[in-house]
Amino acid sequence: MVLVERGLPNHVTNTKIDTASLKGKEDLTSLLWGPELTPETIGASRRIEHREPLPKISNLDATTNHDRTRIKGLHEGLIIGIDFGTTYSGVSWATLADFQHASINVITKWPGSDSDRAKVPTRLFYENSEILWGFQVTNDVVPLQYFKLLLLREGDIEDKVGESMELSHTKRTLRDNGITTEDCIADYLRAIWKHTLETIRQARAKRGIEALTFHVVLTVPATWKDYARNAMKRAASKAGILDYRTAGQTSLAFVSEPEAAGLAALVDRGDYVESGDVFVVCDAGGGTVDVITYIVADNQPLQLEEVVESDGSLCGGISIDEAFISQCKNRVGRNWSHFRRADIMTMLTKEWEYGIKPRYTERNGPDNYLRVMLPDLKMDVSRKAHIKPGYIYFTGSDIRKAFHTKAVPGLLKLVDTQLSQAHNKGLNVTGILLAGGLGSSPHTYECLEAKYSNRGIDIHQSVADGA
Ligand SMILES: Nc1ncnc2c1ncn2[C@@H]1O[C@H](COP(=O)(O)OP(=O)(O)OP(=O)(O)O)[C@@H](O)[C@H]1O
Ligand SMILES: [Mg+2]
């Protein structure tokens, strides 16, 4: 069993954390608080036993000279967390001094968007010699997306996602243009990295960042094998993230997605966490749902002990999109291919992704109508879903089916397995912490509540900014 020191790295345990200020930034801030921020992972030359906490700043006299130099180095460092997601990515950053004031910066301004958003779409479009990314990619082109999943070998990717229209398009385009998955990810990371550095430089104005050593933390799904992590590392290197800097070698650490999410969610819970509580953390994202179970060994400062190993499955939010698109295609039939790509994408983004999908709840009933617009649709009420000029009228139960094709059963199965493994160790799970975009769904919440609340398990939902 691994003892994980959480909440704050040990050297800032005396700092008061304003957890309210962290609300809504969970996925991102967690990157900056994870267990990987031990000396070994942020580039110390001396190997220290894994997850050994940093010496307390107030305790400098008790540390060695080596520690003192190292701690000074850390104070001058800048930690940059990159949450590279299948569908959305985010970046947060803090100097170690910022850290002590619980002041973590989340990038919310992105090229191509006027509004503030904690995450940017993980998509690319190669336009002649220019590479468009994130919000720069408009609905009238077919972007490259979900490329994070292409890092997995054929045998490690479940068929359904492997067959997805977007993923097939991405695979084909990359192959036809002789671009490797690693290069594609590197192109995306290069763009987000350049934007990150520009943003930090602007924010720090005169103080600059040139003298600060960078410590980069990247999220990876719980079940990713070494080859996929290594490929991510190569992509980060190609993206220029590890380029030589006079301030010192940039370090790169990985943090597993449910660990990052779990920590953030527990920080969010603040005072409610008690020693002995056992939590299943469920990070339900766009590509994968990742789970892990912790016992709270201590709450002052927060110490977590992993009691059930992390697990994950490709049953995230895009599986709901796939199921919904199938319903649209089945209903419209051959005409589907005659619609303009821009009209389909506008419907899928504005009405589905930002409308029906995130708001769906069973509480509105199975017969509640939810319509989507596709210009030029002709009246056809001969069968369901009804089509009236320009609109398809789906019912609540149609949308439920899309959630229950893969995502909800996959998530429940993962949670069930964690519960029974905890139970086999004589532990009773007291709470389930939901994080990630799909984790913020009212329907995901009600499914978990229906299944587990009568067992005395409290369901906690983070305020995520998935989409
Ligand atoms: N309220 C909501 N209800 C349902 N789905 C949602 C909601 N908010 C966001 N999503 C979905 O969550 C997914 C994005 O979540 P998130 O940003 O956590 O994933 P990601 O980091 O891109 O993926 P991964 O972690 O699997 O690589 C998208 O499929 C989005 O449509
Ligand atoms: Mg994610």
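The values are calculated or read from the model by the stated rules, or taken from the named source; none is laboratory data. The model shown is predicted, which means the values in this text are computed figures rather than measured ones. All Cβ positions, even for glycine, are placed from backbone atoms using ideal geometry, and neighbour counts span all protein chains on display.
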Query - Residues (crowded, with 24+ Cβ neighbours inside 10 Å, under 19 Å from the mean Cα position of the chain (by Cα) and more than 9 Å from ligand 1 (Cβ to nearest atom)) located in segment 281-317 - result: VAL281, CYS282, VAL291, ILE292, THR293, CYS315
**Report entry** Residue satisfying condition, being closer than 26 Å to PHE324 by Cβ and of a type in the set (Asp, Glu), within set GLU166, GLU130
**Finding:** GLU166
**Report entry** Test set (1) assigned to a helix (DSSP H, G or I); (2) touching a residue at least 24 places away in the same chain (Cβ under 8 Å); (3) farther than 30 Å from SER92 by Cα - HIS423 fails condition number
**Finding:** (2)
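Considering THR444, THR395, THR417, which residue is among the β-branched types (Val, Ile, Thr) and within 16 Å of ligand 2 (Cβ to nearest atom)? Break it down into steps so the answer makes sense when it comes.
Details: THR395 fails: within 16 Å of ligand 2 (Cβ to nearest atom); THR417 fails: within 16 Å of ligand 2 (Cβ to nearest atom).
That would be THR444, the only listed residue that is among the β-branched types (Val, Ile, Thr) and within 16 Å of ligand 2 (Cβ to nearest atom).
So which of ALA407, ALA467 is within 17 Å of ASP283 (Cβ to Cβ), within 13 Å of ligand 1 (Cβ to nearest atom), surrounded by 15 or more Cβ atoms within 10 Å (Cβ to Cβ) and at pLDDT below 95? Before you say what the answer is, go through the steps one by one.
On the way: ALA407 fails: at pLDDT below 95.
Of the residues listed, the single one that is within 17 Å of ASP283 (Cβ to Cβ), within 13 Å of ligand 1 (Cβ to nearest atom), surrounded by 15 or more Cβ atoms within 10 Å (Cβ to Cβ) and at pLDDT below 95 is ALA467.
So which helices (runs of 4 or more DSSP H) stay within segment 179-277 end to end and still have 2 or more residues that are within 28 Å of THR430 (Cα to Cα)?
Those helices (runs of 4 or more DSSP H) span 257-269.
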**Report entry** Among the residues listed as PRO389, PRO358, the single one being within 16 Å of ligand 2 (Cβ to nearest atom) and either over 24 Å from the mean Cα position of the chain (by Cα) or surrounded by fewer than 19 Cβ atoms within 10 Å (Cβ to Cβ) (or both)
**Finding:** PRO358
Query raised in the report: Quick one: in segment 420-438, which of the residues that are more than 16 Å from ligand 2 (Cβ to nearest atom) and surrounded by 19 or more Cβ atoms within 10 Å (Cβ to Cβ) is nearest to ASP367 (Cα to Cα)?
Result: ILE432
Report task. Would you check if there is a residue in segment 226-238 being among the acidic types (Asp, Glu) and either modelled with pLDDT of 95 or more or in contact with a strand residue (DSSP E or B) (Cβ under 6 Å, 6 or more places away or on another chain) (or both)? Result -> no
Query raised in the report: Between residues in segment 333-352 that are farther than 15 Å from ILE387 by Cβ and residues that are among the hydroxyl-bearing types (Ser, Thr, Tyr), which pairs lie under 9 Å by C-beta distance while being six or more apart or on different chains?
Result: ALA342/THR138; MET345/THR138
Query raised in the report: Which one of these does PHE84 not meet: (1) under 25 Å from LEU242 (Cβ atoms); (2) surrounded by 22 or more Cβ atoms within 10 Å (Cβ to Cβ); (3) within 16 Å of ligand 2 (Cβ to nearest atom)?
Result: (2)
Query - Checklist (1) away from ligand 2 (no atom under 16 Å from the Cβ); (2) assigned to a strand (DSSP E or B) applied to GLY312, failing item - result: (1)
Query raised in the report: Quick check: anything in segment 361-384 buried (at least 19 other Cβ atoms within 10 Å of the Cβ), modelled with pLDDT of 95 or more, among the hydroxyl-bearing types (Ser, Thr, Tyr) and within 16 Å of ligand 1 (Cβ to nearest atom)?
Result: no
